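The values are calculated or read from the model by the stated rules, or taken from the named source; none is laboratory data. Remember, it's a predicted structure, so these values are computed and weren't measured experimentally. Ideal geometry is used to build each Cβ from the backbone, glycine not excepted, and the neighbour counts take in all protein chains shown.
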Amino acid sequence: MISRVWHGWTSRENADAYEQLLRTEIFTGIAERLHEGYRGIHLLRRDVPEGVEFVTIMWFDSLAAVVVFAGEDYEVAVVPPAARQVLSHFDERSAHYEVIVEPGQAS
């Protein structure tokens, strides 16, 4: 399994709007167009001195499934125009990790 990790930051004023955009449009759109090899997404949020940081962690069966989502240069961040309007800055590239231990496997 592959985990795709990405960070984006908003102002405090834009944080709720960005979260709502993710929940109602972006995540839904991803789930509707990706089926084979896509396992879901986690959204993390925290207040930081310069605003609000969001972290998305996407789960895929393989790097080939990531390429279906992001394209051949699969590390490039996929940030729709509506999200760019409310983000103050974001990672230009996503990090990818091979998942070694999944929940419930560590003992």
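Kindly evaluate residue 21 against the criterion of being among the aliphatic types (A, V, I, L, M), modelled with pLDDT under 95, surrounded by 14 or more Cβ atoms within 10 Å (Cβ to Cβ) and out of contact with any strand residue (DSSP E or B) (no Cβ under 6 Å at 6 or more places or on another chain). In short, no.
Of a type in the set (S, T, N, Q) and in contact (Cβ under 8 Å) with a residue 40 or more places away in the chain, is that true of residue 24?
For residue 24, the condition - of a type in the set (S, T, N, Q) and in contact (Cβ under 8 Å) with a residue 40 or more places away in the chain - is not met.
Scan the range 60-107 for residues that are over 21 Å from residue 37 (Cβ atoms), touching a residue at least 12 places away in the same chain (Cβ under 8 Å) and small (Gly, Ala, Ser) and the total you get is 3. Of all residues in the range 65-105, those that are exposed (fewer than 15 other Cβ atoms within 10 Å of the Cβ), among the aliphatic types (A, V, I, L, M) and over 18 Å from residue 3 (Cβ atoms) total 1.
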